[in-house]
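A short write-up of the structure that comes next.
The values are calculated or read from the model by the stated rules, or taken from the named source; none is laboratory data. Keep in mind the model is a prediction, meaning the values are calculated, not measured. Cβ: placed from backbone, ideal geometry, glycine included. Neighbour counts: every protein chain shown. Just the protein is used for accessible areas: all its heavy atoms, side chains included, with ligands, DNA and RNA removed. Shrake-Rupley method; radii C 1.70, N 1.55, O 1.52, S 1.80 Å.
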Amino acid sequence: MNPSEHGRIPMNEGHREQQLIAIEKLQYMLDYSKSSTIATVLAPLLCIPLYLDVTELLRFSAWFAAMTVAVITRYVLLRSIRALSNPPQNANVLNIAIGLVTLMWGMGWFVFVEPADMVSYLLYQIISLTVLFVGMVGYCINWKTFFAFVVPLKAPELIFIALNFSQIVWPIALGSMVAFYLALKMAFLFSKSWEKSFALRMKNDALIDQLTEEKNASLAANVAKSEFIATASHDLRQPMQSINIFIEMIDAGQLNESYSAIFCCRRPKTDHLNLGVPTQN
């Protein structure tokens, strides 16, 4: 892509660049989401031995049923996404798919955690932070998608803290919110940095393609020049050789004195290495 005279990418090329960036981001996140489907299914199942005996059965069953619906919906939505068809629309579908599951994890604060029970609070804090950092691996590439992933996860926690502020261990809650803020900030900065890096890579690829084309054109010109010189040399050598042959065939003894003197004293010497051009003594 060549910048315009003012150093800016023309509108059509800038739009194409944004489209390529969106497609590349979506394809990466889609591949990551599909590869993490097994973990998305297993994680709620691991909650059964952890919380089934210590949580009210109705609340646990309601949460588990809602999580099951969210996981199935996530799978169906991911299967419907085609990265090349409509990247912005499909990115929104991806955001909904992953946001539904993290929302269920966020709602777990009201199902599994007793504010006065430090063990249950710390255990679910570990689960929440694990989900947060797992999402950072796959979705930091696009800050909007990461926001759609992490906000449904941490917003219910913030509400839980506000509702139970008198029983919450504030250093732990504050540390969790700081981690939440830093994750959002890092995702935003990483996404912008990745876009610049990808745009630079596309420009470098375009420059390499342009240099390759120019090199090929130069080689083709050299070949054409060599062929022209060879053809011209051949075409010039033939008539000169014919002239030399005719000169050799002339019998100077049959010419009058003036012409005989010319051929005897000024007979040209042929130089076949010099395209047959006659030289004089």
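Summary table
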{"item": "Only one of I161, I141, I168 that is without any contact (Cβ under 8 Å) to a residue 24 or more places away in the chain and touching a helix residue (DSSP H, G or I) at 6+ places or on another chain (Cβ under 9 Å)", "result": "I161"}
{"item": "Those residues of segment 73-99 which are over 14 Å from T37 (Cα atoms), assigned to a helix (DSSP H, G or I), open to solvent by less than 70 Å² (accessible area, probe 1.4 Å) and not small (G, A, S), in sequence order", "result": "P87, N90, V93, N95"}
{"item": "Long-range neighbours under 7 Å by Cβ, at least six apart or interchain, first residue closer than 17 Å to L122 by Cα within segment 38-58, second assigned to a helix (DSSP H, G or I) and modelled with pLDDT of 90 or more", "result": "Y51/F60; Y51/F112; T55/V111; T55/F112"}
{"item": "Residues of segment 145-154 satisfying the condition of being within 11 Å of G106 (Cβ to Cβ) and open to solvent by 40 Å² or more (accessible area, probe 1.4 Å)", "result": "V151"}
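This table checks each residue for (1) at pLDDT 95 or above; (2) closer than 21 Å to F149 by Cβ; (3) of a type in the set (D, E); (4) surrounded by fewer than 18 Cβ atoms within 10 Å (Cβ to Cβ).
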| site | (1), (2), (3), (4) |
| --- | --- |
| I48 | no, no, no, yes |
| Y51 | no, no, no, no |
| V54 | no, no, no, yes |
| L58 | no, no, no, yes |
| A65 | yes, no, no, yes |
| T68 | yes, yes, no, yes |
